[in-house]
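Quick notes on the structure that follows.
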Amino acid sequence: MRYLSRTEAEIIMGKILGNIGVMLLSTTLFFGTAEVLVSIIKADKVRNYYDDQTLKALGDPVPKKADGEYRIYIFGGSSAYGFPVSERYSITAWLRTSFPYLLKDRNIKVINGGWPGKASYHVIEGVRAAMKYDPDLYIIYAGHNEFTASNRIYRDNKLYWFNMQMQFRSALYKYLTVRFNRLRRKMIYGSSGHPEKEYREEAIAKKVYPEIEVSSAEYAEIVSQYKSNMENVIRYAQRHGVDLVMLTMPSNLKGVPPGSSRHETELDDLALKRWEKAYAKGREFEDAGDHAKAVIAYNKAIEIDPTYAELHYRLAIALEVLGRFENAKKEYLLAKDLDARPWRAKSAVNEVIAELGREFDVPVVEIVKAFEKLSPHGIPGGSLFIDNVHPTVEAQQVITDEILGTLARRNLVARSGEWDWQAVTAARADKDNEIWKVDGSVNAYRYILRGLHLWEQGRYDQVIEDLETGLKLMPDFLESYGFIADSYWQLGESARALETYELFQRKDPKIFEFTLERYPNLEHSYSQSLDVGQALVRATKQ
């Protein structure tokens, strides 16, 4: 056996390394060339959501910025977008119709970058994606969606975070991802599969977070990540010379009970029994109309464990009835901040916004304070919100006015002396203008969304009342029948449950099947009510 000389070994090793180098270089050149070709040839196929919104607002292709043109982007979740009453009544729409009156000689474009479910992770990508369109101002209205399962998974799972980053940064990766998902959906669901199946992140996230509840410690981590994300947004905008303003996040305090409550204080069996006794006593007094005694009982329960959200909500109601409004407001805020299923931004989010405003000299539009001023006793409720966080059309106007006032005071868009406030006031008095006409669906959503929230909280008698009212205003929202039927079942009315399910099935079998597939609770109650109905039929025949 002959051993290789040192020279021969070096030659062989050099060839191996050389081949590896050529291979890596070839691969890099191949994918680099493919990236360029995809970016050029398939650019229209790999647009992201923010590109689509820009093209919708400015034109396709996006024209070069005209002399004197000023471009504003609004980023955030459903409240920023205008859900549920459509973009037609959004902040974006109000700004678009206000600027021609306020600043007649200015060419101002407003682009809606909001979308339901978007959180601070998506805002980061939005401000990056919009930069190529030469923006002048970013308006950020985000913070309600940070806790949701699909957004928490980006924080906790680096693979999802990497996937999102790559889709925004690589045209080739985005194109291949889109093609793969189309193929996957066609193979699994066929050519006419439900479009809702595309939201696979929610399905995966719900397996990771089956309870969709968070402790105070977990929420603190979420808020910390929110702060980090928003710092990145601010630094990126300032680095590229784009002005930025942030909005505080208002919530419906008195019209929406907590989604879920939990004891975060460790209680032994004796303490838990004492707490339950005091709480039950408070409910008894409240139901009997003796709110003064209910307050005493609830406070005894708070002394044992002050972390249960529903307890503070019940106490707030009793205090409000007694006219102790300042104390009631504090309890409503505590109920929101202790909510284990926080579909409303907690106070910590607004504290972060205020802190970032001071640290980076970013204007903060105080929407929370504006809503408090317009609310009886400073407690925002149903007069300003359709449900838990989504503003009414009138409230969207309030938000818009607060934004405009802040922009003028900070000499953004134009110097403060150039704004013609009387003109916009006169314009809004013109009720014939199409944008100020509110269709009936606005009120329907008020009942439908509240009904769905109440269903999640198990308040089934109220669910039936709200959803039936919503169906009268919006008969096409057929999913309501499923939640009404399930509520009947939960209340022990199996016959009415089955009757409602069968009505739902007759109206649209496809939506019926999809709704039951998406909500296992509904599928279970339908199956159970069907079994009861068949048993009754068999018993009648016998």
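The values are calculated or read from the model by the stated rules, or taken from the named source; none is laboratory data. This is a predicted model, so every value here is computed, not measured. Here the Cβ positions follow ideal geometry from the backbone for every residue, glycine too, while neighbour counts run over all protein chains shown.
In table form, for the structure just shown:
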{"read-out": "Any hit, the range 30-42, residues being on the phi < 0 side of the Ramachandran plot, at pLDDT below 85, assigned to a loop (DSSP other than H, G, I, E, B) and surrounded by 20 or more Cβ atoms within 10 Å (Cβ to Cβ)", "value": "no"}
{"read-out": "Single match in 256, 321 (criterion: of a type in the set (Val, Ile, Thr), under 30 Å from residue 79 (Cα atoms) and out of contact with any Leu (no Cβ under 8 Å at 6 or more places or on another chain))", "value": "256"}
{"read-out": "Those residues of the range 348-378 which are part of a loop (DSSP other than H, G, I, E, B) and under 22 Å from the mean Cα position of the chain (by Cα), in sequence order", "value": "366"}
{"read-out": "Residues (without any contact (Cβ under 8 Å) to a residue 60 or more places away in the chain, in a loop (DSSP other than H, G, I, E, B) and within 19 Å of residue 278 (Cα to Cα)) located in the range 307-347", "value": "308"}
{"read-out": "Residues located in the range 101-120, provided they are more than 11 Å from residue 78 (Cβ to Cβ) and of a type in the set (Lys, Arg)", "value": "104, 106, 109"}
{"read-out": "Yes/no for residue 135 being within 25 Å of the chain's Cα centre (by Cα), crowded, with 21+ Cβ neighbours inside 10 Å, in contact (Cβ under 8 Å) with a residue 40 or more places away in the chain and more than 19 Å from residue 402 (Cβ to Cβ)", "value": "yes"}
{"read-out": "Of all residues in the range 49-65 being within 27 Å of the chain's Cα centre (by Cα) and loosely packed, with under 14 Cβ neighbours inside 10 Å, the one that is modelled with the highest pLDDT", "value": "56"}
{"read-out": "Count of residues meeting criterion [in contact with a helix residue (DSSP H, G or I) (Cβ under 9 Å, 6 or more places away or on another chain), among the aliphatic types (A, V, I, L, M) and either buried (at least 22 other Cβ atoms within 10 Å of the Cβ) or without any contact (Cβ under 8 Å) to a residue 12 or more places away in the chain (or both)] in the range 248-271", "value": "3"}
{"read-out": "Test result for residue 241, surrounded by fewer than 16 Cβ atoms within 10 Å (Cβ to Cβ), in the same structural domain as residue 327 (by TED's automatic domain parsing) and at positive phi", "value": "no"}
{"read-out": "Residue match in the range 95-109 (condition: of a type in the set (Val, Ile, Thr), in contact (Cβ under 8 Å) with a residue 60 or more places away in the chain, buried (at least 22 other Cβ atoms within 10 Å of the Cβ) and in a helix (DSSP H, G or I))", "value": "no"}
{"read-out": "Filtered residues of the range 235-268 (kept if part of a loop (DSSP other than H, G, I, E, B) and small (Gly, Ala, Ser))", "value": "241, 251, 255, 259, 260, 261"}
{"read-out": "Positions within the range 271-287 being at pLDDT 95 or above and farther than 20 Å from residue 338 by Cβ, in sequence order", "value": "273, 277, 281, 284, 285"}
{"read-out": "Flag if residue 113 is outside any helix (DSSP H, G or I), crowded, with 22+ Cβ neighbours inside 10 Å, in the same structural domain as residue 418 (by TED's automatic domain parsing) and touching a residue at least 60 places away in the same chain (Cβ under 8 Å)", "value": "yes"}
{"read-out": "Subset of the range 376-399 [of a type in the set (S, T, N, Q) and crowded, with 20+ Cβ neighbours inside 10 Å]", "value": "388, 392, 396"}
